[in-house]
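What follows is a short report on a single structure.
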Amino acid sequence: MIAIINYGMGNLGSVANMLKKLGFKAQITNEKEIIEKSDKLILPGVGAFKLGMEKLAELDFIEFLKYQVYEKKKKILGICLGMQLMTQWSEEGNVPGLGWFDAETLRFDLDTKKYKIPHMGWNTIQIVSSSPLFENCKEEPRFYFVHSYYVKNNNSNDILAYSEHGIKFTAAMGKDNIFATQFHPEKSHKFGMNILNNFGRL
């Protein structure tokens with residue numbers, strides 16, 4: 001069973017619906033007992049980094065999730081804000097994150113006459129590292145993005161894919177049992193379905 005972690009940040013129903021459409025058992029939950037019993041985790045999210053970390057702290061999830069991921073080795077997928085929370089720190093609110101990746105979350109500093117912020121809509125990605133998350137991507141993959149901040153990885157080995165919006169930024173990252181995408185696979189039609197199907201089958 002895949003536990004979709006509900007910490008009060010964003011609409012989680014579309015993630016659950018997509019997983020169920022693909023044939024996976026999924027449950028939106030903030031109950032530790034259910035998360036403990038799950039096989040895999042998804043940390044989605046839309047909104048502000050600082051508030052997201054505060055919500056996780058309120059639920060006493062910061063060390064709990066670290067234990068699930070690092071000690072129990074459960075596979076986890078971070079989506080959008082969920083990916084950013086896995087970094088060391090964010091410019092948004094100037095607060096530390098979960099610190100699972102040697103990376104930081106920065107605000108797009110772009111000419112707004114040329115580039116809209118937030119970066120919103122469909123964009124292509126460039127896959128730069130082999131990962132089970134991107135199996136069966138046989139054509140140029142396109143995904144749906146909505147974000148004003150981006151992840152900058154200090155360890156290039158963790159980068160799975162790039163995208164571009166004025167600058168090149170990390171579109172997906174991963175190491176060991178931890179995966180994350182800046183884009184929304186649940187809103188990305190067949191390309192996103194492939195990502196979630198690959199994750200569900202890991």
- Message: Please report the net charge: other residues with Cβ closer than 10 Å to the Cβ of ILE42, K and R +1, D and E -1.
- Response: +1
- For a footprinting-style exposure proxy, rank THR124, THR112, THR181, THR170 by other Cβ within 10 Å, fewest first. THR112, THR124, THR170, THR181
- Query: Stretched out fully, how many nm does the piece from LYS32 to ASP60 gain, at 0.36 nm a residue minus the Cα gap?
  - Reply: 9.1 nm
- What do you get for Rg/Rh of segment 41-131 when both radii come from the Cα atoms and Rh is the Kirkwood radius? 1.01
- Which net charge results when you count Lys and Arg as +1 and Asp and Glu as -1 among the other residues whose beta-carbon is under 15 Å from that of GLN84? -2
- Message: Only four residue types carry charge here, +1 at the Cβ of Lys and Arg and -1 at the Cβ of Asp and Glu. Report the dipole size of segment 2-201 about the Cα centre in Debye, rounded to the nearest 20.
- Response: 640 debye
- Note on the structure: Cβ-Cβ cut-off under 13 Å around VAL15, Lys and Arg +1, Asp and Glu -1: the net charge is +3
- Item | Distance (nanometres) between label positions extended 7 Å along Cα→Cβ at TYR115 and SER148 | 1.6 nm
- Item | Cα gyration tensor category, rounded, prolate or oblate, for segment 149-202 with a/c compared to 1.5 | oblate
- Message: Taking 0.36 nm per residue of sequence separation and subtracting the Cα-Cα distance, how much length would be gained by fully extending the chain between MET193 and ASN157, in nm to one decimal?
- Response: 10.4 nm
- Between the DSSP loop rule and a limit of at most 12 other Cβ atoms within 10 Å, which trypsin sites (Lys or Arg not before Pro) in segment 124-189 are left? LYS138
- Treating the beta-carbon of each Lys and Arg as +1 and of each Asp and Glu as -1, no other charges, what is the dipole magnitude of segment 1-121 about its Cα centre, to the nearest 20 debye? 640 debye
- Isotropic mean projected area of the C-alpha convex hull, the chain (nm²): 10.2 nm²
- Message: Let me make sure I get this right: for segment 1-55, a, b and c are the square roots of the gyration tensor eigenvalues over alpha carbons, sorted descending. Under 1.5 in a/c it's rounded, otherwise prolate if a/b > b/c, else oblate. Which is it?
- Response: oblate
- Whole-Å distance, taken between Cα centres, linking segment 79-132 and segment 149-175: 7 Å
- Message: Contact order normalised by length for the chain, with contacts defined as Cα pairs under 8 Å and 6 or more residues apart; what percent is it?
- Response: 20 percent
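Bear in mind these aren't lab numbers, they're just calculated from the coordinates by the rules spelled out. As the structure is a prediction and not an experimental result, all values here were calculated from the model. Ideal geometry is used to build each Cβ from the backbone, glycine not excepted, and the neighbour counts take in all protein chains shown.
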